[in-house]
Amino acid sequence: MAKLTEGDVEAATLEWFEQLNYSTLHASEIAPDEPNAERQTYADVVLPAILILK
């Protein structure tokens with residue numbers, strides 16, 4: 001039996017969102033210290049402002 005890894009689930013989920021016409025970004029692109037920061041800290045898992053837009 002093949003093992004399902006976290007990376008497998010993440011890749012499948014990102015592909016699924018892309019098929020639904022969502023755009024995806026790497027976490028480093030929205031990191032707290034970046035110009036396009038979408039979170040204040042890495043502890044912010046859900047990004048409500050972005051979630052509401054969708």
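The values are calculated or read from the model by the stated rules, or taken from the named source; none is laboratory data. Keep in mind that this is a model prediction, so the values were computed, not measured. Every residue, glycine among them, receives a Cβ derived from its backbone with ideal geometry; neighbour counts consider all protein chains shown. Each accessible area value is taken on the protein alone, full model and side chains, heavy atoms only, with ligands, DNA and RNA left out. Shrake-Rupley method; radii C 1.70, N 1.55, O 1.52, S 1.80 Å.
The residue pairs whose first member lies in segment 1-28 and is closer than 21 Å to ALA43 by Cα, whose second member is of a type in the set (D, E, K, R) and surrounded by 10 or more Cβ atoms within 10 Å (Cβ to Cβ), and whose beta carbons are closer than 8 Å, counting only pairs six or more residues apart or on different chains, are THR24/GLU18; SER28/GLU34. Could you say whether any residue in segment 35-50 is open to solvent by 80 Å² or more (accessible area, probe 1.4 Å), under 10 Å from the mean Cα position of the chain (by Cα) and either hydrophobic (A, V, I, L, M, F, W, C) or modelled with pLDDT under 90 (or both)? Checked against the condition, which is being open to solvent by 80 Å² or more (accessible area, probe 1.4 Å), under 10 Å from the mean Cα position of the chain (by Cα) and either hydrophobic (A, V, I, L, M, F, W, C) or modelled with pLDDT under 90 (or both), segment 35-50 yields at least one hit.
The set of residues from segment 1-44 being touching a Lys or Arg at 6+ places or on another chain (Cβ under 9 Å) and not hydrophobic (A, V, I, L, M, F, W, C) comprises TYR22, PRO32.
For segment 8-34, a tally of residues being open to solvent by 70 Å² or more (accessible area, probe 1.4 Å) and of a type in the set (Val, Ile, Thr) returns 1. Of all the residues in segment 30-54, those that are part of a helix (DSSP H, G or I) and under 19 Å from GLY7 (Cβ atoms) number 0.
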